[in-house]
Amino acid sequence: MSASTGIALLGATGSIGETAQRVVARHPDRFRFVALTANGNRDGLQAAADRWAPGFVGLVEPGTAPLPAGWHAGAAALVDAAQHPEAAVVLNAVVGAAGLEATLAGVRAGKRVALANKESLVVGGPLVQAAVRAPGGGAVIPVDSEHSALLQCLAGRIGGDGPGLLPVAGVRRMVVTASGGPFRTWEPARIAAATRADALNHPTWSMGRKITVDSASLANKALEVIEAHVLFGIPYDRIEVVVHPQSIVHSMVEFEDGSVIAQLGVPSMELPVLYALTYPDRLADSGVPTFDPVAASPLTFEPVRHDAFPTLGLGISAGRRGGAAPAVFNAANEAAVARFLAGDLAFGGIPAAIEAALAHHGDRPGDDLASLLAADAAARALVSEFR
Ligand code: NDP
Ligand code: MG
């Protein structure tokens, strides 16, 4: 058996998927890819497969052209990759609710799931919590930079297996930072009429298109508040969002004696990806530029302008409501963002469509995967008709 850690990389062709390939390329003695998947980007997946020669390659939507020999097709390929016998770690870098079943499969198979796919925890938080706590269940280690920061601030208070998805003793409050996105200082009417190019022009992070739009509406921060609630078992009234335009302080934990610990660094996903692979250890690495506090100065903090960013409050109240409401929020947001990117919905239509979906479907039950998927589908159907 090889001494290196086998990784199943789901979403290999995306922004996080490419970051993961750069990280692993710097540590060939420590990590290797045993499975790679993509959605429809056949050329990107072929290039990654040629580079890493994994035992398993999966293309979820292959279209009509025949697949290369040995490749797997369909959504089942994601779940199969997540259960791959040679994978100790599943790096889930799929975008959207489509990643949920693979997260559950990986945890149930006892894997460490290095989770970029925050939508998994938003849609199916209680299901993932139950899977982590079940006998033989694996772990969820966050890749999201804020949650990686929170985990690093909690070092020593959480076991080496990762968060038990239960309350962490001694924590008074978590402060999740937000860059504020490209519309941080814009008036509400101007935001409502923002174009695709405006929304895709993120000031501090280069990411996939969906999360970039989510960062402009602050839907991303709503997803992240729910993600923090699920991961660390912390009640919503002890999670605070603060705008920090420089994206240097990645988040903070306030302890019950009043001490506040923050994690800092130049904005880069290289570190959160690597840390999710090595947790609770650290590995010497050159992926993150050296932090120069003088050059980064001044570090500033502002309150969130909830009137200008109604999506944040909609998402947090959906989280508090529980049941299928977080799944409805997520699905409505995914569908609205897709319409916005297609030029079919104004930016201001995103919160309006989400609000309508939550009004119609927010009280649906969410006890099992089938009811969550039904709520997800109902929200998408409503948003597709929303005017
Ligand atoms: P991208 O859009 O860049 O990449 C998404 C990846 O998922 C691609 O490989 C894509 O394949 C694949 N994919 C898309 N839809 C499906 C589907 N229905 N089924 C299976 N695979 C699918 O996204 P990002 O890398 O930006 O984001 C990935 C996740 O990480 C998101 O949940 C995001 O919120 C989170 N995240 C991202 C950060 C970033 O810096 N980018 C930071 C923090 C969190 P294909 O190329 O074939 O379409
Ligand atoms: Mg984040």
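Hey, what's segment 5-142 come to in accessible area per residue, 1.4 Å probe, Å²?
37
When the chain is fully extended, how far beyond the present Cα-Cα distance does Asp43 get from Ala130, taking 0.36 nm per residue of separation?
Gain on extension, Asp43 to Ala130, equals 27.6 nm.
What's the longest bit of the chain with no exposed chymotrypsin sites (Phe, Trp or Tyr not before Pro), using DSSP loop states and at most 13 other Cβ atoms within 10 Å as the test?
Answer - 1-290.
Given Cβ point charges of +1 (Lys, Arg) and -1 (Asp, Glu) and nothing else, what value in debye, to the nearest 20, does the dipole of segment 5-142 about its Cα centre take?
For this selection, approximately 420 debye.
Kindly give Rg over Rh for segment 5-142, based on alpha-carbon atoms, with the Kirkwood expression for the hydrodynamic radius.
My calculation of the ratio gives 0.95.
So what is the 222 nm mean residue ellipticity for the chain from helices alone, if each DSSP H run of at least 4 adds -39500 (n - 2.57) and you divide by all residues, rounding to the nearest 500 deg cm²/dmol?
Calculated at 222 nm, the ellipticity per residue is -12500 deg cm²/dmol.
Using a Cα-Cα cut-off of under 20 Å, which lysines could be cross-linked to Lys210, ignoring same-chain neighbours fewer than 8 residues away?
Filter leaves Lys118, Lys221.
For segment 258-331, which trypsin sites (Lys or Arg not before Pro) are in a loop by DSSP, counting at most 15 other Cβ atoms within 10 Å?
Here the sparse-neighbourhood loop sites are Arg282.
How much of the calculated P(r) for the chain lies past 33 Å, in percent of all Cα pairs?
26
Can you give the FRET efficiency to the nearest 0.05 for Arg190 and Asp292, using r as the Cβ-Cβ distance and R₀ = 25 Å?
The calculated FRET efficiency here is 0.15.
Give me the dipole magnitude in Debye, nearest 20, for the chain about the Cα centre, with unit charges on the beta carbon: positive for Lys and Arg, negative for Asp and Glu.
Once rounded to the nearest 20, the dipole reads 160 debye.
If you roll a 1.4 angstrom probe over the protein chains with everything in place, what fraction of the accessible area of segment 5-142 belongs to carbon and sulfur, to the nearest %?
Summing carbon and sulfur atoms, their accessible area is 52 percent of the total for segment 5-142.
Can you tell me the order of 358-368, 10-20, 78-88, 132-142 when each peptide is scored by its average per-residue count of other Cβ atoms within 10 angstrom, highest first?
The most tightly packed comes first, giving 10-20, 78-88, 132-142, 358-368.
Stretched out fully, how many nm does the piece from Arg172 to Arg209 gain, at 0.36 nm a residue minus the Cα gap?
Separation in residues times 0.36 nm, less the Cα-Cα distance, equals 9.9 nm.
The values are calculated or read from the model by the stated rules, or taken from the named source; none is laboratory data. Remember, it's a predicted structure, so these values are computed and weren't measured experimentally. With ideal geometry, Cβ positions are generated from the backbone for all residues, glycine too; neighbour counts draw on all protein chains shown. For the accessible areas, the whole protein counts, side chains as well, though only heavy atoms, and no ligand, DNA or RNA atoms are used. Shrake-Rupley method; radii C 1.70, N 1.55, O 1.52, S 1.80 Å.
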